[in-house]
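The values are calculated or read from the model by the stated rules, or taken from the named source; none is laboratory data. From a predicted model like this one, the values you see are computed outputs, not experimental measurements. Note that we place each Cβ from the backbone using ideal geometry, even for glycine, and neighbour counts take in every protein chain shown. Heavy atoms of the whole protein, side chains included, go into the accessibility calculation; ligands, DNA and RNA do not. Shrake-Rupley method; radii C 1.70, N 1.55, O 1.52, S 1.80 Å.
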Amino acid sequence: MFAALWFFRRTGTRPRLCFAICVALMAALSGCTRLREHLKPEMVYVVAKQTYLRDRVAAVSNRVALVSNGEPLEVVEHGRRFLKTKTAKGEVGWIEEHMVIDQAAYDQFAALGHQHAHDPVVATAVLRDDLYLHVKPGRETDRFYLLPENEKLQLLIRASVAKPAPPQGLLPAPHPAVGTKGKKTGSSGAKETLPGEPAVPMEDWWLVRDSKGQVGWMLSRRLDVDVPDEIAGYSEGQKIVGAYVLTRVYDSESSLPDKMVPEYVSVTNAYKDGLPYDFDQVRVFTWNTKKHRYETAYRQRNVEGYLPVTVSQGKNAQGQSVPEFSITVATSDEVKVDPLTGAAHPAQTGVLHYQLEGGMVRRVTAGGSPGSTPVAAKAKPADAPAHHHHSKGKKAGG
């Protein structure tokens, strides 16, 4: 500052101008100081379910504080494989690096939550035991939120990624090539494959949202999809992907408190991971009020369907309100796979609409009139032909 005053005097600068320039320089220097003081501290976030901060990195140390999953910590000092951190309460101690994620990874989880905050729910499920959410499908991807056993989850998107290779010496038998359904190679007794099933072993992951709004990817085999008990026994060896209430009918002999029995549309698939479609069969269960049991009102096999299934109210030809449901199906062989997540999407799709009226299911056009539609669903190759007509009077197990 004194050097600046000397310079101004030597050059004959006016006093007022000199004073203004000095004030501006002081303000700039002060601003830089405040900027340094207000720089955000480096933050990390606890991944472990629970762990202790310790007073030093040594074989023998004292516990300073107990920290839990998701808790933010301010980094005070970096060590070798350890970080010296401070809690929100001011407790300072060391923690292993692998028990935390950095700010960049935390921001990825936050962005995932914002991106999918309003995605439609295609099904609900229950978590079998404690499990982490991952930022992407895959066992080696970053994980953060630890969800507790029996947590209720909303399923948003299914994706498939390659299954990790087993340790050497435990390699599985070669997978039969696609298109060899029903054929066995030699005497190995290889399992038959389904159309579109990849030759490389895959595993399915679900993008889920929990009760707190936290979003992440989770291995599908650790979830149990919510299925109504009354129709769960009619799965016939298939995996029920989703079941949705179409309407409710009154039955005076029902065990339900309000005597209103739900009727369902369900979609199922084989117990196979890595399939390029979400379901291959649609089935409607209606309630017979005379025999007090569920019956199959409609079934269609060998479709390549994609979630979600939508249920709504529509109008029949007479203008009366009736329950409707719609499914999205592939109309060509081409499938696009998201390179980041492994989620499969058909290149061309069509939406099929159906109405339930008087225990019978009719396919309708988008405008609501019964009959055929211009959408031509691509049939999934199978040995058995698809069933396109309702089966009035058949038992649910038939």
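Of note:
- Mean-position separation - Cα centroids, region 316-332 and region 87-101, in angstrom: 55
- 20 Å reach of a label modelled at GLU91, 7 Å along Cα-to-Cβ, counting backbone N of region 42-60: 43-60
- Estimated at the nearest 10 Å², the accessible area of SER255 is 120 Å² with a 1.4 Å probe.
- Spatially proximal aspartates and glutamates relative to LYS84 (Cα-Cα < 12 Å; intrachain offsets below 8 disregarded): GLU42, ASP55, GLU74, GLU96, GLU97
- Extending 7 Å from Cα along the Cβ direction at LEU39 and again at SER211 yields two label points whose distance is 4.3 nm.
- Rounded to the nearest 10 square angstrom, HIS353 shows an accessible area of 50 square angstrom against a 1.4 Å probe.
- With 0.36 nm allotted per residue and the present C-alpha distance subtracted, the HIS78-MET260 stretch has 59.2 nm of extension available.
- Percent breakdown of C-alpha pair distances by 10 Å bin, ordered from the shortest bin, for region 202-351: 9, 33, 34, 18, 5, 0
- Too-long pairs where the Cα-Cα distance tops 18 Å, listed order kept, from LYS136/LYS163; LYS259/LYS291; LYS40/LYS212; LYS40/LYS86: LYS40/LYS212
- Given charges at Cβ of Lys, Arg, Asp, Glu: region 36-146 dipole, positive-most of LEU83, ILE101, VAL46: LEU83
- Surface composition of region 233-308: carbon and sulfur make up 49 percent of the accessible area, probe 1.4 Å.
- Estimated FRET transfer efficiency when R0 is 41 angstrom, pair MET99-ALA270 (beta carbons, to 0.05): 0.55
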